[in-house]
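Only the coordinates and a few stated rules stand behind these numbers; no lab work does. Every value quoted in this text rests on a predicted model; they were computed, and no experiment measured them. Virtual Cβ from ideal backbone geometry, glycine too; neighbours counted across all protein chains shown.
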Amino acid sequence: MQEIAMTILDIAQNSIRACAKLIQIVIRDSHKDNIIHIECLDDGCGMDDKTLQKVTDPFYTTRTTRQIGLGIPMFKESVEATGGWFSIESQKGVGTKIIGEYVKNHLDTPPMGNIAETLITLIQYDDHIDYVFQYICDDFEWVLNTKEIKDILDGVPINQPDIILWLKDYIKEGMQK
Amino acid sequence: MKSLEELKRIRDQAKERMTMRENGDHDYRVVVGMATCGIAAGARPVLNTLVEEVAREHLPVTVMQTGCIGMCALEPIVEVFDKDNHKTTYVLVDTKKAKDIVLRHLMHGEVIEEYTVGHYSK
Ligand SMILES: Nc1ncnc2c1ncn2[C@@H]1O[C@H](COP(=O)(O)OP(=O)(O)O)[C@@H](O)[C@H]1O
Ligand SMILES: [Mg+2]
């Protein structure tokens, strides 16, 4: 994936496929600590130990016949190539937590890309899934909680086109504050 | 600045439109393939262009996402279903084609032959 935003979309789509009802995404982008820390936490179906083993084993990836590699090994490889680290925890019936931390100033660290587009793509998919998105940088922190937005919407689906459009600008502005 | 006040205005307008229209009465259903193959080929901006244009024109159109449509080499793929569930499959869609699809097909009912899968498999 050319952008961190695309990787986040790919990882969060796994959570959607795992029937998550709440997906929490954290981005900590810090000059001070020279890291870009990405976290995706869901309450989906989780993985048993066997799947978890396969999903993190690079040997398993090289053997697949897919055109595009598996999302999780690709994410792991991409952060580790920058000197960063990756972790995955999952429990059947409880959920999954994936963390990847890039070294910010490394040449191979992908650009952040369009986070607002990624988030509205996720939100547009299904108005029954909730998101807590937390963006933390050195000067400020910004949080989007779709449950709070839905309270205001009072029954109007959050994935209506004009609301998605408003959200896109709202997210863009929130991340620039 | 986008304010929560503005969101409330949009909400109220949406409620008004919902009561004016028969519930779920849509002219078209538009489905975008959003599996990894589609996304890698550029489906995300295509989806968002469709959503934006539909919002801007207040069209009675539902935009939906789906997984792999099964023709990875022709992604991004956009399927348009009319009221009678007749399907038009547009392939290798980019944001420009997406805007054309909204203007010509969704607003004026014209099938854009040169963007369809039939045109590419000829
Ligand atoms: N958040 C998650 N919850 C449950 N299972 C997951 C999650 N993420 C990944 N998986 C499992 O790991 C597999 C591999 O994921 P991934 O590497 O993204 O490849 P793909 O999505 O193409 O299958 C998935 O098919 C799924 O079975
Ligand atoms: Mg995946």
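When the pairs A:K97/B:K2; A:K97/A:K150; B:K15/B:K99; A:K21/A:K147; A:K150/B:K15 are compared against a 20 Å limit on Cα-Cα distance, A:K97/B:K2; A:K97/A:K150; B:K15/B:K99 fall above it. Summing charges over neighbours of A:V132, with a neighbour being any other residue whose Cβ is under 15 Å away from its Cβ, gives -2 when K and R count +1 and D and E count -1. Take every Cα pair under 8 Å whose residues are at least 6 apart in sequence, average their separation, divide by the length of chain B, and the relative contact order is 26 percent.
Dividing the C-alpha radius of gyration of chain A by 2.2 N^0.38 Å, with N its residue count, gives 1.04. Note on chain B: with a GNM built from Cα contacts shorter than 10 Å, the maximum mean-square fluctuation among B:V32, B:V61, B:V111 falls on B:V111.
For the options B:G42, B:G33, B:G70, a Gaussian network treatment of chain B with springs between C-alpha atoms closer than 10 Å singles out B:G70 as fluctuating the most.
Tabulate in residue order the Karplus-calculated ³J(HN,Hα) for the stretch A:23-36, using 6.51 cos²θ - 1.76 cosθ + 1.60 with θ = phi - 60°, rounded to whole Hz; enter x for Gly and Pro. Values, residue by residue: 10, 10, 10, 10, 10, 10, 10, 10, 5, 4, 9, 6, 9, 10 Hz. Its relative contact order, with pairs defined as Cα atoms under 8 Å and 6+ residues apart, puts chain A at 26 percent. Modelled spin labels at A:K147 and A:N34, positioned 7 Å past Cα toward Cβ, are 3.9 nm from each other. The amide H of B:M64, built 1.01 Å from its N in the peptide plane, has B:V30, B:V31, B:V32 as neighbours under 5 Å, considering only residues 5 or more places off or on other chains. Taking θ as phi - 60° and the Karplus parameters 6.51, -1.76 and 1.60, the scalar couplings of the stretch B:69-83 work out to 8, x, 9, 3, 5, 9, 5, x, 10, 10, 9, 10, 10, 8, 4 Hz in sequence order, x denoting glycine and proline. The loop-placed GluC sites (Glu not before Pro) in the stretch B:15-102, going by DSSP, that have at most 16 neighbouring Cβ atoms within 10 Å of their Cβ come out as B:E22, B:E57. Out of all DSSP beta bridges with both ends in the stretch B:4-120, state the antiparallel percent to the nearest 5. Bridges in the stretch B:4-120 that DSSP calls antiparallel: roughly 60 percent. Based on DSSP H segments of at least four residues, each scored -39500 (n - 2.57), chain A has a per-residue ellipticity at 222 nm of -12000 deg cm²/dmol. Taking the alpha-carbon centroid of each part, what is the distance from the stretch A:84-98 to the stretch A:141-177 in angstrom? Using only Cα atoms to place each centre, the spacing works out to 27 Å.
Applying a DSSP loop filter and a limit of 11 other Cβ atoms within 10 Å to the trypsin sites (Lys or Arg not before Pro) in the stretch B:1-89 leaves B:R21, B:K83.
Any chance you could list the semi-axes, whole Å, largest first, of the equivalent ellipsoid that the Cα gyration tensor gives for the protein assembly as shown, using √(5λ)? Let's see the in-between values first.
On the way: eigenvalues 211, 124, 62 Å².
Semi-axes from the Cα gyration tensor: 32, 25, 18 Å.
Any idea what % of Cα-Cα pairs in the stretch B:60-122 are farther than 13 Å? Don't skip to the end; give the middle numbers.
Values: 1230 of 1953 pairs.
So the portion of pairs separated by more than 13 Å is 63 percent.
Direction-averaged projected area, Cα convex hull, chain B: 8.7 nm², rounded to one decimal.
Helical runs assigned H by DSSP (4 residues or longer) give chain B a calculated mean residue ellipticity at 222 nm of -10500 deg cm²/dmol, each run adding -39500 (n - 2.57) before division by the residue total. Rounded to the nearest 20 debye, the dipole size of chain B about its Cα centre is 300 debye, using +1 on the Cβ of Lys and Arg and -1 on the Cβ of Asp and Glu.
Counting DSSP beta bridges in the protein assembly as shown, what percent are antiparallel, to the nearest 5? Walk me through the numbers on the way to the answer.
On the way: 37 of 51 bridges.
Rounded to the nearest five, the antiparallel share is 75 percent.
Assuming charge only on the beta carbon of Lys and Arg (+1) and of Asp and Glu (-1), the dipole of the protein assembly as shown about its Cα centre is about 420 debye to the nearest 20.
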